[in-house]
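Since every read-out is calculated from the coordinates, none of them should be taken as a lab result. Everything numeric in this text was worked out from a predicted model, so none of it was measured. Positions of Cβ are backbone-derived with ideal geometry, glycine not excepted, and every protein chain shown enters the neighbour counts.
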Amino acid sequence: MRYEQVEGRRAVLEALRGNRAVYELLLAEGMQPGRVLDDIKAAAHSRRLAVSYLPRQEIERLAISESHQGVILRVEPYRYATFKQVHASLAERSDPLVVLLDSVTDPRNLGSVARTCEAAGVDALLLPRSRAAPVTPAVFHSSSGAVENLSVVTVPNLVSVMKELKKLGMWVIGADVRAEKTCFGADLTGPLALVMGSEGEGLHRLVRENCDILVNVPMFGKVSSLNVSVAAAVIIYEAVRQRKGL
């Protein structure tokens, strides 16, 4: 039986609340009661999942990360959405918002972006199948389980997908530090696809050339750029602010 191991209280709780099959919940003995831990036990009970209590040393041995917080859940491997499913859903929306990541390889950055996307109500997160971080237990933990509630799609070619999104009437906006327009001065309402590049390379040439407009996050200090997850959060929430009239 193939499984993935989710660790950390918040991530485990979201996995238990999700749709994936769950196989085994392991808890360290002697943990103090708390709201999240109580919610984990209740969610396990509602799914008729047996709980095994193990010595802390055994949990440490079984854990694949240092941030397990005494909680390990074994679940079926992560299930990606398909582009066909997302395409059909976007076609029914009047003002969809999706995020595309161009060669973001750091699992922590992917997890942080996914967490922002889920919190902001983004419809889907699209990733290239190669030269990009996949959704792993580390990404799941970094997102605090947000990927469980977000449509994540891997696609063979980002540029082709951008063209398909344009056919749906979506405006494709790329984030680029060299852009002349800031994200605060751009119109981010209506059907929108936001493309973010890696912190080191930024957007690849063909990806950049196929964007309808490029925007930047203005910098006022001495550093030249923001981490991709931070920049994505700024632009995504500016789009949300404009769309909701906040």
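Quick notes on this structure:
- Formal net charge of residues neighbouring Gly169 (Cβ-Cβ distance under 11 Å; K, R +1; D, E -1): +2
- Percentage of interatomic Cα-Cα distances in the chain larger than 32 Å: 28
- On the principal axes of its alpha-carbon atoms, segment 4-75 has extents of 29, 25, 19 Å, going from largest to smallest.
- With a Förster radius of 35 Å applied to the beta-carbon distance between Arg131 and Asp39, the computed FRET efficiency rounds to 0.40.
- Residues in segment 158-166 carry Karplus couplings, in order, of 5, 5, 4, 5, 4, 5, 5, 5, 5 Hz; the curve used is 6.51 cos²θ - 1.76 cosθ + 1.60 with θ = phi - 60°, and Gly or Pro positions show x.
- Sorting Val51, Val207 by the number of Cβ atoms found within 10 Å of their own Cβ, with the fewest placed first, yields Val51, Val207.
- Between segment 16-31 and segment 43-120, the alpha-carbon center distance in angstrom: 14
- DSSP assigns beta bridges within the chain; of those with both partners inside it, close to 30 percent run antiparallel.
- Residue-count net charge about Ser224 - beta-carbon cut-off 13 Å; Lys, Arg +1, Asp, Glu -1: 0
- Neighbour-limited loop hits for trypsin sites (Lys or Arg not before Pro), segment 19-65 (at most 10 other Cβ within 10 Å; DSSP other than H, G, I, E, B): Arg48
- Full extension of the chain between Asp95 and Tyr3 yields a length gain of 29.5 nm, computed as 0.36 nm times the residue separation minus the alpha carbon distance.
- Count of lysine pairs in segment 83-244 with Cα separation under 27 Å (8 or more residues apart, or interchain): 11
- Sequence-separation-based contact order of segment 83-244, relative, with Cα cut under 8 Å and 6+ spacing, percent: 27
- Local electrostatic count, Leu16, Cβ distance below 14 Å [Lys/Arg +1, Asp/Glu -1]: 0
- P(r) of segment 78-179 over all Cα-Cα pairs, binned every 5 Å from zero, in whole percent: 2, 13, 24, 26, 20, 11, 3, 0
- Tyr53 versus Glu76: modelled label distance in nm, points set 7 Å from Cα along the beta carbon direction: 3.1
- Helix 107-120 vs. the chain, principal-axis angle (Cα, 0 to 90°, nearest 10): 80
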